[in-house]
Each structure stands twice: as structure tokens, then as C-alpha cells.
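Novice: Just passing along the structure, written as C-alpha cells.
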Amino acid sequence: MTDTRPVPETSDESARSDATWWRQAAVYQIYPRSFADANGDGIGDVRGITSRVPYLKKLGIDAVWLSPFYPSALADGGYDVDDYRNVDPRLGTLDDFDDMVDALHRAGIKLIVDIVPNHSSNRHEWFTQALAAPKGSPERDRYIFRDGLGDNGQLPPADWTSAFGGLAWEPVGDGQWYMHYFATEQPDFNWDNREVRDDFLATLRFWSDRGVDGFRVDVAHGLAKELPAVLPSQAELDAMEKTTGQHPLWDRDEVHEIYAEWRGVFNEYDPPRIAVAEAWVATPERRARYASAEGLGQAFNFDLLEADFDSAQFREIITSNLEQAKGAGSSTTWVFSNHDVVRHATRYGLPPLAGRAVKQGSEWLLAGGREPELDIAGGLRRARAATLMMLALPGSAYLYQGEELGLGEVADIPAENRQDPAFFRNPGVDIGRDGCRVPLPWTHEGSSFGFGSDGAHLPQPEWFGRFSVEAEDGDPGSTLELYRRALALRHELQTAEELEWLDVGGSADVLHFRRPNGWEVVTNFGTGPIALPAGERLISSRPLEGDTLPGETTVWLKN
Ligand code: GLC
Ligand code: CA
């Protein structure tokens, strides 16, 4: 960690802006239906995104990651894809998409799109064909069909539970059942089928040809499956080792043969297309395989997202992830919020519960999501400190739309307005993810706070206006201005992917690190002030008090 020599990949200025642009990119995730609505139907759309490119440019991000925008019945917020090579007509057209790519590229912003290869929607042409075709047909072979048990196949082939609750098998009426690890509307593909593989290669080329710079790979660890003739029970599946690459469903070694083929496609382009894996795997070593240069190139680590606001947890996670990424030849990824978890400004406002922050946020929501447990100001204070530290770490920073406004989770969405299948399939157990997907507030007042001209597809709370872009724009104390300044400085200061921990004089609540060029970061995780180390003061997550760093605050220094 103390080697401060520049790594070769990033030492050449022209290479940094080219094939290695992703290594330390700030990537902003857009959940398209909730970002900006250009045509006033209550649903965010592609032209809405295009209209906000100046906002994104001013924010200072390097790339946008676009969650699914494909035709979809929205059984799972668009992660149920009907057609991988088109745009949902409610969101726009392929021409609108091309205009968006142009506008982003002209603003110097790259585009990563979400690709969902583990399952299609049940409205996908292939699944319709599979249902119409008989048992044993090539059409059924593209998905995972099995005979049911019992005399007429009336019983499921196995008792597996879906990620969203309920059974993971669905009968089709002729004694056969299909597997869906997620919602019933999301049948899992059979990746042993060559047509499936070729079709995804065609999809990767389709979007790459349209100028897309990379892909975020949904459920990347789930594609390769090996189901024995007699299926194990859920309990047996749970008990099986997940570190050997031989689990029937998860993180099988052969999955990397698929990504090696994808890499072949990525490398047809100049610069090569990039990919980041969403891979929930058992060990850092297993994760590194997804991040290899022969595979997807980068993989999310959700460790900080799952941690408390705690110096010891942060230090351990940062150190180990930097080492792992280096070992894989990749750069690491940092993320606090995304479309699947309780927003971090809210998580950090709840009492800590070691290593279970995300879960705890859901528990609070299930319990009604109201005070007294929630410390709104403290949550935002800690979120700002954590983010300012994260933006100075080596590697890529993934930001989720609205976090730059300090938005919190929307707790009080009435049941009749909720959309997430996790809520409906798991009554009383899972509140679902709608609370972080509420359309963004752009203006202080007005219809849907400037999201569109006629309402929003999820109800926005009254307090949203105070967190709007309009309310925060130009206010030096706002979270928006903090992100803007930090992202601009990050660009100026960016340096080799190295970090050195500095001694903090025995204070367990403080983390202090230095990047190779003298960029120093101090985060005070404690509640009382500490003496500020020497250095030019560049930015802090809340005002400094004389020569002290207040509690729950991060400062960037230059030495
Ligand atoms: C990923 C997505 C999540 C989706 C699931 C199924 O975890 O992030 O939103 O529900 O995959 O596609
Ligand atoms: Ca719209």
C-alpha cells in the first residue's frame, strides 16, 4: 500500500482518456422511469434524460449507467425484458436513444447500459414460443423447463423459493414447470443453449454499434447452471458450498466461458467496451474472476454499502478491496446507494447494527418507517462524510440518482401505489425497493416537483421540494454543491490507483489516507472534534471549526 509509483495503465494521459477511462470513473446511475419525464405521462423517459445532460455535465460525472429501458411489462421495474434490442415505447424510440448517446458524448460523458442475461420476461418472443411448443422442443430448451412431480406433474419439480418470495417454479399446464429465480414473469434462460449465447453476443454488438461504451451485467453470477436429474431441495441448495464453482445455481466456474466470449466482442471495439459485474459471490477471490481482463473487467463490491458508518469496518473494506482489485488487474468499485437498497442518507440515520445496515433499513421501513429511530440530519451528515471519503478512493465511484441531493428513502408509500414484486410476493416480510425509486424532484414546487408536467408514477412526499435541484442549486451548503465541487476536484486531483494510510495518533475513530500526489483525506467518524492535520484545505463535508475537524466530517487536504 505504500508503493506510490504510478501504475503503468494510467500513467499515459492519452490512455487514461481512452481504453482505461473506466478505471477511476465517477459513474452516475439513472433509473430511467424516475429521472425526468419529457412528455408528461408520469414516467421518466429517454428524452427526459437528454434534456438533463447539461445538469449531468455540471455535476461532473464521467459516465452514466442506465438501468433497463427496454420494452417491459415492469413486473420487476424493467429487469423483465421483452426485447433486448429496443427501447420501451413508453420511454421513447431508438432514435431518441441515439440522440441521448450523442448528447452525452458531446458532453464528454460515457454511457453504460444494463444488460439482463439471467432471465428474460415471460413476454419475450422466445418464451411465448416455448409455451406454444411441446415438451422437449428446441423452443423450450432456451429456458429451464422440468417435469413436475406427482402423477400428472401437478407438483413442483423442487421446493425452491424465488428471490422475491414464493415458489421459483411455475406450471405451464402440460405437466411441465419453468424455473424463475426472480418474479414469475422472469423465466431463467438456459445458458447451455448456443442460440441464447449467440443472441446475447448480437445484443452486445447491437448496443456497442450504437455507441454504448459498456455494460452493467445483471446477476452475472447466475447464468451457468447445472441441474441434476433429481433436483436438490432448497435446504440442500442452501447447504451446498458456494466457493468451489460447483454449486448448481450460483457462481459456477463455467460462467467465465460465457464472459470470455463477451470479452471477444468487447475487444472488437476501439476503445474496448467495458463491463461491470453484479456478482454476489462467497469470497473476494471468487469476485476477482469476474473482474479479470479476460472476463468482464470489473465487478461491484457492495461491502461499503453493507457496512455501518464505522472507521474500523471502512478501513478493513477499503484495504482488502484495493488489494483484491489489484490482484485481478482491475480497479475497485465503491457504492453506497443504488436502485435495490435503502438510500444511504436514511440508512446512516438509523441505529448501527454491525454489518447489516441494508437489512436494518428494510426493517425500519417494515415497521412503518417513521421517527423516532430516524435521525434525518445525522443520516445526511454521515452520508456526506462517507461519500466525500469515497470520492477520493482509488477506483470507480458509483453514484445513484438523487444521492447528490441528499435524498432520503421515501418510507410512506401506500400499498396501492407500490410496484416492486418483492413487496407483493413477500407480504409483511419485505417492503420492497420503491422507496429509493421515487421520481426525482427538480423544482421546489409545481407538478411532481418538476419531474414532469403531470404527476409521477410513484407518489413524492411533501418534503421532496426542499431536496430539489432548484432548492440546492447555488446554495454553498447544499449536498448538490458538495457533490459538484468534489467531483470537479476529483478530476483535477486524480492520480495513480494507490492509497497509503497515515497514522492518526491513536484515534480509533479517524481515518486518514494519502494518494500518491499528496491528496489527503481525513474522516472523523466520531462525534467530537479533532485537531485538523496540516495541509491546504480543499473541501469538507461540513464547515470546519477553526483548526478542528468536527465529528462525522470528511476533509480533503493537499500537501
Ligand atoms: C438485480 C437488479 C435488481 C433486479 C434483479 C433481477 O439484482 O439490480 O433490481 O430485481 O437483478 O433482475
Ligand atoms: Ca414520459
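The values are calculated or read from the model by the stated rules, or taken from the named source; none is laboratory data. Keep in mind the model is a prediction, meaning the values are calculated, not measured. Counting neighbours? That spans all protein chains shown, and the Cβs are built from the backbone with ideal geometry, glycine included.
Novice: Within region 82-89, can one find any residue that is buried (at least 19 other Cβ atoms within 10 Å of the Cβ) and either within 16 Å of ligand 2 (Cβ to nearest atom) or under 17 Å from His339 (Cα atoms) (or both)?
Specialist: Checked region 82-89: at least one residue is buried (at least 19 other Cβ atoms within 10 Å of the Cβ) and either within 16 Å of ligand 2 (Cβ to nearest atom) or under 17 Å from His339 (Cα atoms) (or both).
Novice: Can you tell me which residue within region 420-466, out of those that are of a type in the set (D, E, K, R) and out of contact with any Asp or Glu (no Cβ under 6 Å at 6 or more places or on another chain), is farthest from ligand 1 (Cβ to nearest atom)?
Specialist: Of everything passing the filter in region 420-466, Glu445 is farthest from ligand 1 (Cβ to nearest atom).
Novice: Okay, next question. Filter region 155-201 down to the residues that are among the hydroxyl-bearing types (Ser, Thr, Tyr) and either under 23 Å from Ser72 (Cβ atoms) or in the same structural domain as Tyr79 (by TED's automatic domain parsing) (or both) and list them by number. I'd like the intermediate steps shown before the answer.
Specialist: Our first condition is that a residue be among the hydroxyl-bearing types (Ser, Thr, Tyr); within region 155-201, this holds for 161-162, 178, 181, 184.
Hits for region 155-201 are Ser162, Tyr178, Tyr181, Thr184.
Novice: Looking at region 187-213, which of the residues that are without any contact (Cβ under 8 Å) to a residue 60 or more places away in the chain and of a type outside the set (Lys, Arg) is surrounded by the most Cβ atoms within 10 Å (Cβ to Cβ)? Even if it seems obvious, please write down each step before you answer.
Specialist: In the first step, residues of region 187-213 are kept if they are without any contact (Cβ under 8 Å) to a residue 60 or more places away in the chain; the result is 190, 192-196, 198, 209.
Restricting the remaining residues to those that are of a type outside the set (Lys, Arg) gives 190, 192-193, 195-196, 198, 209.
On the way: Asn190: 18, Asp192: 15, Asn193: 16, Glu195: 14, Val196: 20, Asp198: 11, Asp209: 10.
Checking each candidate, the answer is Val196.
Novice: Another question, if that's okay. Quick check on region 270-297: of everything there that is among the hydrophobic types (A, V, I, L, M, F, W, C) and not in a strand (DSSP E or B), which residue is farthest from the chain's Cα centre (by Cα)?
Specialist: Here is the first cut: in region 270-297, the residues among the hydrophobic types (A, V, I, L, M, F, W, C) are 274-277, 279-282, 288, 291, 293, 296.
Add one more test, that the residue is not in a strand (DSSP E or B), and what stays is 279-282, 288, 291, 293, 296.
Values: Ala279: 11, Trp280: 12, Val281: 16, Ala282: 18, Ala288: 18, Ala291: 16, Ala293: 21, Leu296: 16 Å.
Looking at residues that are among the hydrophobic types (A, V, I, L, M, F, W, C) and not in a strand (DSSP E or B), I get Ala293.
Novice: Does Gly329 qualify as being over 22 Å from Pro439 (Cα atoms), assigned to a loop (DSSP other than H, G, I, E, B) and over 19 Å from the mean Cα position of the chain (by Cα)? Reasoning before the result, please.
Specialist: Numbers: over 22 Å from Pro439 (Cα atoms): yes; assigned to a loop (DSSP other than H, G, I, E, B): yes; over 19 Å from the mean Cα position of the chain (by Cα): yes.
Spelling it out, Gly329 is indeed over 22 Å from Pro439 (Cα atoms), assigned to a loop (DSSP other than H, G, I, E, B) and over 19 Å from the mean Cα position of the chain (by Cα).
Novice: Considering only region 103-143, state which residues are surrounded by 22 or more Cβ atoms within 10 Å (Cβ to Cβ), more than 27 Å from the chain's Cα centre (by Cα) and of a type in the set (A, V, I, L, M).
Specialist: Ala130
Novice: Now, a different point. Checking Thr523 against (1) hydroxyl-bearing (Ser, Thr, Tyr); (2) touching a residue at least 40 places away in the same chain (Cβ under 8 Å); (3) out of contact with any strand residue (DSSP E or B) (no Cβ under 7 Å at 6 or more places or on another chain), which test does it fail?
Specialist: Thr523 satisfies all of (1) hydroxyl-bearing (Ser, Thr, Tyr); (2) touching a residue at least 40 places away in the same chain (Cβ under 8 Å); (3) out of contact with any strand residue (DSSP E or B) (no Cβ under 7 Å at 6 or more places or on another chain) except (3).
Novice: Which of (1) touching a strand residue (DSSP E or B) at 6+ places or on another chain (Cβ under 7 Å); (2) more than 26 Å from Ile318 (Cβ to Cβ); (3) small (Gly, Ala, Ser) is the odd one out, the single condition Ala224 does not satisfy?
Specialist: With respect to (1) touching a strand residue (DSSP E or B) at 6+ places or on another chain (Cβ under 7 Å); (2) more than 26 Å from Ile318 (Cβ to Cβ); (3) small (Gly, Ala, Ser), Ala224 is out only on (1).
Novice: Something else: Considering each of Ala397, Ala386 in turn, give the residue that is outside any helix (DSSP H, G or I), crowded, with 23+ Cβ neighbours inside 10 Å and either of a type in the set (Lys, Arg) or outside the structural domain of Leu549 (by TED's automatic domain parsing) (or both).
Specialist: On the way: Ala386 fails: outside any helix (DSSP H, G or I).
Step by step, each of Ala397, Ala386 is checked, and only Ala397 is outside any helix (DSSP H, G or I), crowded, with 23+ Cβ neighbours inside 10 Å and either of a type in the set (Lys, Arg) or outside the structural domain of Leu549 (by TED's automatic domain parsing) (or both).
Novice: Let me ask you something else. Leu249 - would you say it is within 16 Å of ligand 1 (Cβ to nearest atom), modelled with pLDDT of 95 or more and either polar (S, T, N, Q) or assigned by TED's automatic domain parsing to the domain that holds Thr283 (or both)?
Specialist: Working: within 16 Å of ligand 1 (Cβ to nearest atom): yes; modelled with pLDDT of 95 or more: yes; either polar (S, T, N, Q) or assigned by TED's automatic domain parsing to the domain that holds Thr283 (or both): yes.
Answer is yes for this residue.
Results for (1) farther than 30 Å from Ala531 by Cβ; (2) surrounded by 15 or more Cβ atoms within 10 Å (Cβ to Cβ); (3) within 24 Å of the chain's Cα centre (by Cα), shown as yes or no for each residue.
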| residue | (1), (2), (3) |
| --- | --- |
| Phe464 | yes, yes, yes |
| Ser468 | yes, yes, yes |
| Asp475 | no, no, no |
| Arg485 | no, yes, yes |
| Glu492 | no, no, no |
| Ala496 | no, yes, no |
| Val504 | no, yes, no |
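Novice: Go through region 537-550 and give me each residue that's within 29 Å of the chain's Cα centre (by Cα) and part of a loop (DSSP other than H, G, I, E, B).
Specialist: Ser541, Arg542
Novice: Can you tell me which residues in region 484-502 are assigned to a helix (DSSP H, G or I) and touching a strand residue (DSSP E or B) at 6+ places or on another chain (Cβ under 8 Å)?
Specialist: Residues of region 484-502 assigned to a helix (DSSP H, G or I): 484-493.
Correct list: Arg485, Ala486, Leu487, Leu489, Arg490, Leu493.
Novice: Take Ala307 and tell me if it is out of contact with any His (no Cβ under 6 Å at 6 or more places or on another chain), outside the structural domain of Phe513 (by TED's automatic domain parsing), crowded, with 17+ Cβ neighbours inside 10 Å and under 23 Å from Ala63 (Cα atoms). Before the answer, list the steps.
Specialist: Values: out of contact with any His (no Cβ under 6 Å at 6 or more places or on another chain): yes; outside the structural domain of Phe513 (by TED's automatic domain parsing): yes; crowded, with 17+ Cβ neighbours inside 10 Å: yes; under 23 Å from Ala63 (Cα atoms): no.
No.
Novice: While we're on this one: In the list Gly432, Gly505, Gly428, which residue meets the criterion of being out of contact with any Pro (no Cβ under 6 Å at 6 or more places or on another chain), touching a residue at least 24 places away in the same chain (Cβ under 8 Å) and in a loop (DSSP other than H, G, I, E, B)? Show your work before the answer.
Specialist: On the way: Gly432 fails: touching a residue at least 24 places away in the same chain (Cβ under 8 Å); Gly505 fails: touching a residue at least 24 places away in the same chain (Cβ under 8 Å).
None of the others qualify; the one that does is Gly428.
Novice: Still on this model: Look at Val212 and say whether it is outside the structural domain of Tyr79 (by TED's automatic domain parsing) and among the β-branched types (Val, Ile, Thr).
Specialist: On the way: outside the structural domain of Tyr79 (by TED's automatic domain parsing): no; among the β-branched types (Val, Ile, Thr): yes.
No, not satisfied.
Novice: Show me the strands (runs of 3 or more DSSP E) entirely contained within region 93-172 in which 1 or more residues are within 23 Å of Ala279 (Cα to Cα) and of a type in the set (Val, Ile, Thr). If you could, list the steps in order and put the result at the bottom.
Specialist: On the way: elements: 110-115, 145-147, 169-171.
Counting at least 1 such residues, we get 110-115.
Novice: Inside region 416-467, can you point out the residues that are at pLDDT 95 or above, more than 16 Å from ligand 2 (Cβ to nearest atom) and either of a type in the set (Gly, Ala, Ser) or not assigned by TED's automatic domain parsing to the domain that holds Gly361 (or both)?
Specialist: Those that are at pLDDT 95 or above, more than 16 Å from ligand 2 (Cβ to nearest atom) and either of a type in the set (Gly, Ala, Ser) or not assigned by TED's automatic domain parsing to the domain that holds Gly361 (or both): Gly435, Gly465.
Novice: I need every pair where a residue in region 44-57 that is under 12 Å from Trp442 (Cβ atoms) has its Cβ under 6 Å from the Cβ of a residue that is more than 9 Å from ligand 2 (Cβ to nearest atom) and not in a loop (DSSP other than H, G, I, E, B), sequence separation at least 6 or different chains.
Specialist: Gly44/Pro32; Gly44/Ser34
Novice: Another question, if that's okay. Would you pick out the residues in region 29-43 that are small (Gly, Ala, Ser) and either away from ligand 1 (no atom under 16 Å from the Cβ) or not assigned by TED's automatic domain parsing to the domain that holds Asp454 (or both)? Explain how you work it out, then say what you get.
Specialist: Our first condition is that a residue be small (Gly, Ala, Ser); within region 29-43, this holds for 34, 36, 38, 40, 42.
Correct list: Ala36, Ala38, Gly40, Gly42.
Novice: Given the conditions (1) crowded, with 19+ Cβ neighbours inside 10 Å; (2) more than 16 Å from ligand 1 (Cβ to nearest atom); (3) not in a helix (DSSP H, G or I), report the number of the one that Pro351 does not fulfil.
Specialist: (1)
Novice: Further question: Would you kindly identify the helices (runs of 4 or more DSSP H) lying entirely within region 1-74 that contain at least 1 residues that are surrounded by fewer than 23 Cβ atoms within 10 Å (Cβ to Cβ), modelled with pLDDT of 95 or more and touching a Lys or Arg at 6+ places or on another chain (Cβ under 7 Å)? Steps first, please.
Specialist: On the way: elements: 8-11, 13-16, 46-51, 53-59.
Hits in region 1-74: 53-59.
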